[in-house]
Amino acid sequence: MLRGLALALLTPLGLPLFVLRLYGLVLVPFGMGVLLFVPGTLAVRWLANLHRRLAGEWFGVPIPMPYLPQPYRGIIGLVKRLLTDPATWRDQLWLLLNVPVGLFLGALPFALLFNGVEGLLMPFTWSPNGAGPRPGALGSPEYWGLPLTSQGNATLAFPIGVANLVALVWLTPRIQRLHARFLQALLGPTRKSELATRVQRLTETRADAVDSSAAELRRIERDLHDGAQARLVAMGMNLGAAERLLDENPAAARALLVEAREASAAALQELRNLVRGIHPPVLSDRGLGDAVRALALASPLRVEVTVDLPGRLDPPVESAAYFAVAELLTNATKHAGGRKAWIDLKHSDGVLHITVADDGKGGADPSQGTGLRGVERRLGTFDGTIFVSSPVGGPTVVTMEVPCVVRH
């Protein structure tokens, strides 16, 4: 009830913003209106976003921001962006309608509460001199149409007061949901803005995927050049020298052959490590669950793994999820300073849910580190999302969701 009243008390803020933006819009063609329209629109969006957030937190009706993700340059581009966004005008309509609707929905529970308490007290506060809560049409006090001309009538106000309180208890959650649906209808995204946002996200994730693939190819090329290739070149030189010394100095040739054999073993191991970095064999052979268990066994942390996967996933999704978990475990080992971690994998409703938590010092921020940003880009290729909860002092909990199907 108090939450509805809080939203109702916010409605008067919309009136000056409505007038400010409307006045600025009229003056936009003359140039001066920009100084009113742009800050007015940004202030309206702040107020609308506050209502969206409160509708989700208080009433359980989350409302995503509907504004089109159109890039702009300079003040002219910004004004054009604001003018061409349909959400700008839906916000303006919301400002106008929210005054009567928001005030009514916010005040109705308190009106029921006031009338209910008034009815309960009426038998005890009525006096024969005609004192009462409200005068009727003929000047006599009345309560909900009941003339308070006698103690008997005043007593009849008691059950009416009880009915008001019962209506308050029954109606309050429904009024709140109705208020949230009203906000959702005017402040929620339209089909056009949802499609535009999705196109923008797909464009960004495609660019991220191309950049990640190019970076991965450069890493493989660098590892091959600095590792296995260098060892193979050295091994070839040793074999050539051994061939020349075979008749003149067999002992030296034998030493060079031993060195070449050791170099071949080292090159083979580096190639195996490189292959594991591209796609671990355990992931191909046994699936995501066992591959993550292998990661846990290799980690210096004590890691508990819970797996609830009804089958195998598509190989690209398994690979992205595996390396995302590997990156988070590496972060927990290097930066968190904890001793224990938890990994939970499950698939439900067409979505792979991954939770990685540790008991470290917390403070992880995707905007401050390349590791979490890399995980976000990797999952974004598959329309996945990542949520990070890492207060200072810990714990850190990273939740990832990737839409995918199970292959039975």
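The values are calculated or read from the model by the stated rules, or taken from the named source; none is laboratory data. Predicted model only: the values in this text are computed from it and were never measured. As a convention, Cβ positions derive from the backbone with ideal geometry for all residues, glycine included, and neighbour counts pool all protein chains shown.
Tabulated data for the structure shown
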item	result
Filtered residue count, the stretch 74-128, keeping only those that are touching a Leu at 6+ places or on another chain (Cβ under 8 Å) and basic (Lys, Arg)	2
Helices (runs of 4 or more DSSP H) contained entirely in the stretch 229-331, each with at least 2 residues that are surrounded by 18 or more Cβ atoms within 10 Å (Cβ to Cβ) and modelled with pLDDT under 80	229-245, 250-278
Selected residue [touching a helix residue (DSSP H, G or I) at 6+ places or on another chain (Cβ under 7 Å), of a type outside the set (Lys, Arg), over 19 Å from GLU304 (Cβ atoms) and free of Cβ contacts under 8 Å to residues at least 40 places away in the same chain] from ALA364, ALA320, ALA326	ALA364
Single residue of ALA87, ALA111, ALA131 found to be modelled with pLDDT of 80 or more, out of contact with any Phe, Trp or Tyr (no Cβ under 7 Å at 6 or more places or on another chain) and either surrounded by fewer than 13 Cβ atoms within 10 Å (Cβ to Cβ) or assigned by TED's automatic domain parsing to the domain that holds LEU22 (or both)	ALA111
Among (1) out of contact with any Phe, Trp or Tyr (no Cβ under 9 Å at 6 or more places or on another chain); (2) of a type outside the set (A, V, I, L, M); (3) surrounded by fewer than 21 Cβ atoms within 10 Å (Cβ to Cβ) - the single one THR355 does not satisfy	(1)
Count of the stretch 375-408 residues which are surrounded by fewer than 17 Cβ atoms within 10 Å (Cβ to Cβ) and in a loop (DSSP other than H, G, I, E, B)	6
Boolean, HIS335 is of a type outside the set (Ser, Thr, Tyr) and assigned to a strand (DSSP E or B)	no
Failed criterion for ASP344 (all others in (1) buried (at least 17 other Cβ atoms within 10 Å of the Cβ); (2) under 19 Å from LEU283 (Cα atoms) hold)	(1)
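Conditions (1) surrounded by fewer than 20 Cβ atoms within 10 Å (Cβ to Cβ); (2) of a type in the set (Ser, Thr, Tyr); (3) modelled with pLDDT of 75 or more, marked per residue:
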position	(1), (2), (3)
SER140	yes, yes, no
ALA157	no, no, yes
ALA167	yes, no, yes
PRO173	yes, no, yes
ALA185	yes, no, yes
